[in-house]
Amino acid sequence: MSAARKKSRGKKSAGKKARSKKAGGKKKTGRRYSKAASKKVGKALHEAKRGKLRSGRSKKKVKSREQAIAIGLSEARREGAKVPRKRGKKKKKK
């Protein structure tokens, strides 16, 4: 072992200690989206960029990037790819 490693061996900085305590019981998670899902989203974004992507029944041209991603994810869901379920709608504050 080098001299530099020996010095820092037993000491942890405050930031590292805090992080290790925080993540103590956490286990490592896998992929949230499958490779198939990311390919679908990539294709949808590519089509949107070229102006070829159309939305649902109305068949209007998709203009926003977010809409293209949503279309790609819904296509992946239909095919059975690993995609987390949709988030619920946010409630308006009165």
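FYI, it's all coordinate maths here, none of it is from the lab. Bear in mind the structure is a predicted one, so any value in this text is a computation, not a measurement.
Taking 37 °C and 0.692 mPa s as the conditions, I'd like the Stokes-Einstein D for the range 35-79 in µm²/s, using the Kirkwood hydrodynamic radius from alpha carbon pairs.
On the way: Rh = 10.2 Å.
Calculated translational D: 323 µm²/s.
Listed here are the pairs 43/82; 39/82; 39/59; 35/82; 40/82; 49/90; which of them are more than 19 Å apart at the Cα?
Distance filter (> 19 Å) returns 39/59; 49/90.
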